[in-house]
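Q: Attaching a single structure in structure tokens format; questions to follow.
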Amino acid sequence: MGEARAQATKLKDYDRCDATLNLWEKAVRPRPAVIEDLRGDVAYERDGFKKAEPHWRAFVAAKPRPNEAVSTYAKLARSLAGN
């Protein structure tokens, strides 16, 4: 998953990322919380922290396992610190 995320943002094909997330969201029940984390990554690359933050916070609010949430906490911390 991490490799696919890196590849998608490296290519900067955000419209395709959005389309893929939309398809995944419709096809899988229950809806995976990680979709919000990925939407946050796309929003951050496209529009910056203000657009990404609600998605990342929604992911964290879904109470993922600690090992799944650690990178999202780091993204929030870096962005809030201005780095």
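Q: For the stretch 25-62, what are the residues that are farther than 23 Å from Leu80 by Cα and in contact with a Lys or Arg (Cβ under 9 Å, 6 or more places away or on another chain)? Walk me through how you get there before you give the answer.
A: Kept after step one, since they are farther than 23 Å from Leu80 by Cα, are these residues of the stretch 25-62: 25-32.
Residue satisfying the conditions is Glu25 alone.
Q: While we're on this one: In the stretch 64-83, how many residues are out of contact with any Phe, Trp or Tyr (no Cβ under 8 Å at 6 or more places or on another chain), free of Cβ contacts under 8 Å to residues at least 12 places away in the same chain and over 25 Å from Lys12 (Cβ atoms)?
A: 4
Q: Answer yes if at least one residue in the stretch 43-50 is small (Gly, Ala, Ser), free of Cβ contacts under 8 Å to residues at least 60 places away in the same chain, farther than 24 Å from Lys12 by Cβ and surrounded by 17 or more Cβ atoms within 10 Å (Cβ to Cβ), and no otherwise.
A: Step one: filter the stretch 43-50 for residues small (Gly, Ala, Ser), giving 43, 48.
From the residues that got through so far, the ones that are free of Cβ contacts under 8 Å to residues at least 60 places away in the same chain too are 43, 48.
If we keep only those that are farther than 24 Å from Lys12 by Cβ as well, we get none.
No - not one qualifying residue is present in the stretch 43-50.
Q: While we're looking at this one, here's another question. Could you tell me whether the stretch 2-15 includes any residue that is at pLDDT 90 or above and within 12 Å of the chain's Cα centre (by Cα)?
A: The answer is no; no qualifying residue exists.
The values are calculated or read from the model by the stated rules, or taken from the named source; none is laboratory data. All figures in this text were calculated on a predicted structure; none of them were measured in a lab. Neighbour counts are summed over all protein chains in view; Cβ atoms, including those assigned to glycine, are modelled from backbone coordinates with ideal geometry.
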